[in-house]
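The values are calculated or read from the model by the stated rules, or taken from the named source; none is laboratory data. Predicted, not measured: the structure shown is a model, and the values here were computed from it. Using ideal geometry, Cβ is built from the backbone for each residue, glycine included, and neighbour counts are taken over all protein chains shown. Ligands, DNA and RNA are excluded from the accessible area calculation, which covers all protein heavy atoms including side chains. Shrake-Rupley method; radii C 1.70, N 1.55, O 1.52, S 1.80 Å.
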Amino acid sequence: MQSYSPIIWKDDSLYLLDQRLLPTEEKFVHIDSLEGVVEAIRDMVVRGAPCIGFSAIFGLALWIKNRQHIDIDSSREACNKMISARPTAVNLSFEVNRCFDLLQKSISEKKDLKAIYALIVSFGHEQITLSQVKNMKMAELGISELKNKLGARKWNLMTHCNTGFLACGSLGTALGVISVAHSHGLVSHVYADETRPYMQGTRLTAFELTKENIPFSLVVEGAASYLMSNGMVDAIFVGADRIAANGDTANKVGTSTLAIVAKNYGVPFYVVAPLSSFDANIKDGSHIEIEMRATNELTHIKGIQLAPEGAKSINPSFDVTDHKFITGIICEKGFINPAIEGELLRIMES
Ligand code: MRU
């Protein structure tokens with residue numbers, strides 16, 4: 001299971017595993033300012049919805065550390081700057097806004113800067129520790145769902161993008177289910193989508209599966225129909241960056257295509273995500289902002305030009321999977337059937 005944390009807080013500084021270099025280099029970068037964390041999130045030194053949120057908390061701690069004085073206005077400004085780093089993963093604003101509430105309360109109680117700083121640092125540690133417990137709970141729920149649906153045998157599972165410890169700072173969400181199922185002897189084989197264009201599957205999921213000795217094969221996204229029509233996939237688990245109130249789910253581009261193909265072949269399709277990835281303020285997926293990333297992520301790989309000079313491309317980094325293609329959403333509070341209207345909000349409020 002989890003090998004090490006990609007987020008380390010040490011000697012009042014933040015160290016992030018530079019995920020741009022994986023799998024060939026495992027190097028941490030030292031970050032000492034809020035702006036540095038914003039840049040690291042934007043450039044995907046750190047990525048994956050939960051890890052973006054956790055890093056942002058420490059980014060705010062660094063902001064406090066580097067100041068002589070803070071007030072409500074400057075706190076809001078710092079929080080907004082942090083939230084602007086990437087738009088789709090709601091975990092970022094979820095964690096930052098919780099920090100803002102703590103800052104507001106501390107300022108009104110006239111706490112000194114040192115105490116506020118210590119509060120935010122310990123809030124960050126607490127969230128990472130709690131996420132381990134939540135991820136384990138989701139893994140257990142996912143396994144019991146599959147046991148009911150498919151029986152307790154060895155399953156062939158498929159996943160998209162990267163949802164393990166590199167994305168979550170602990171066990172992982174979708175990959176957490178796979179990892180715990182494997183430790184119980186319930187996994188035959190994993191198919192990991194390469195996840196064009198940023199190759200989170202090839203570089204990161206394959207890195208994690210290799211570290212855990214889980215048998216896997218990388219596949220191109222376009223192989224989904226081949227695999228499923230040949231009965232090679234028993235179930236699919238993916239993560240989420242933002243889940244709307246009706247269960248529509250934004251996740252790495254390609255997720256929606258995978259879900260549609262899965263529906264066609266009757267393969268169960270699960271989203272595994274903590275409540276911090278839920279956005280009850282958004283009624284359906286059409287209102288989710290989709291990050292558009294630089295087009296050279298498509299036209300070039302590691303600086304090598306693939307497309308002809310001047311070739312146009314567009315690079316939406318996420319897509320929205322309609323809830324009607326999702327068999328179940330698994331969060332730390334339980335299993336949500338998105339076909340039941342209002343179920344998601346009921347679980348959130350419970
Ligand atoms: O662009 P990324 O690498 O941050 O995208 C990550 C994903 O889409 C993950 O599937 C998602 O954040 C869920 S992480 C548990």
Can you pull the percent of the range 66-192's accessible area that's carbon plus sulfur, 1.4 Å probe, other chains left in place?
-> 54
Would you mind counting up the charge near D18? Only other residues with Cβ under 10 Å from its Cβ, with Lys and Arg at +1 and Asp and Glu at -1.
-> -1
Kindly report the accessible area of the chain per residue (heavy atoms of protein chains, probe 1.4 Å, no ligands, DNA or RNA), in Å².
-> 41
Multiply the residue gap between S350 and Y265 by 0.36 nm, knock off their C-alpha separation, and tell me the result in nm, one decimal place.
-> 27.2 nm
Under a 5 Å amide H to amide H cut-off, with H placed in plane at 1.01 Å, what residues pair with L218 once short-range neighbours are removed?
-> A192
Net charge (Lys, Arg +1; Asp, Glu -1) of residues whose beta-carbon lies under 15 Å from that of A294, A294 excluded, is +4
The farthest towards the positive end of the charge dipole of the range 1-115, of the residues I52, L62, S93, given +1 on Cβ of Lys and Arg and -1 on Cβ of Asp and Glu, is S93
Test item: Cα-centred dipole of the chain, Lys/Arg +1 and Asp/Glu -1 on Cβ, debye | 420
Run through all the Cα pairs of the range 7-129 and give the fraction in each 10 Å bin from 0, expressed as whole percent.
-> 14, 49, 30, 6, 1
What residue among T159, T249, S276 has its Cα farthest toward the positive end of the dipole of the chain, where the charges are +1 on Lys, Arg and -1 on Asp, Glu, each on the Cβ?
-> T159
Any idea how far the Cα center of the range 153-179 sits from the one of the range 263-299, in Å?
-> 16
Taking θ as phi - 60°, what are the ³J(HN,Hα) couplings along the range 313-328 by the Karplus curve (6.51, -1.76, 1.60), each to the nearest whole Hz, with x for Gly and Pro?
-> 8, 10, 9, x, 8, 9, 9, 10, 8, 4, 4, 5, 9, 9, 6, x
Applied in sequence order to the range 167-181, the curve 6.51 cos²θ - 1.76 cosθ + 1.60 (Karplus, θ = phi - 60°) yields integer Hz couplings, x standing for Gly and Pro, of 8, 10, x, 8, 2, x, 9, 4, 6, x, 4, 5, 5, 5, 4
Okay, helix-only estimate at 222 nm for the chain: each DSSP H run of n ≥ 4 adds -39500 (n - 2.57), divide by all residues, round to 500 deg cm²/dmol; what do you get?
-> -12500 deg cm²/dmol
Charge dipole (debye, nearest 20) of the range 55-117; +1 at Cβ of Lys and Arg, -1 at Cβ of Asp and Glu = 140
Taking every other residue with Cβ under 12 Å from the Cβ of S256 and scoring Lys and Arg +1, Asp and Glu -1, one gets -1
Among bridges DSSP assigns within the range 137-349, what percent are antiparallel (round to 5)?
-> 40
Once the dipole of the range 120-238 is set up from charges on Cβ (+1 Lys and Arg, -1 Asp and Glu), the residue from the list T205, A139, V219 lying farthest towards its positive end is A139
Indicate the gyration tensor shape class of the range 137-349 (rounded, prolate or oblate), computed on the Cα atoms with a ≥ b ≥ c the square roots of the eigenvalues: a/c under 1.5 is rounded; otherwise a/b larger than b/c is prolate and the rest oblate.
-> oblate
Taking 92-103, 300-311 and ranking on average Cβ neighbours within 10 Å, highest first, one gets 92-103, 300-311
What is the packing order of peptides 171-178, 71-78, 278-285, taking the mean over residues of other C-beta atoms within 10 Å and listing the highest first?
-> 171-178, 278-285, 71-78
On average, how much area does the Cα convex hull of the range 145-245 cover when viewed from any direction, in nm²?
-> 7.0
Could you grab the relative contact order for the chain? Cα pairs under 8 Å, six or more apart, rounded to a whole percent.
-> 16
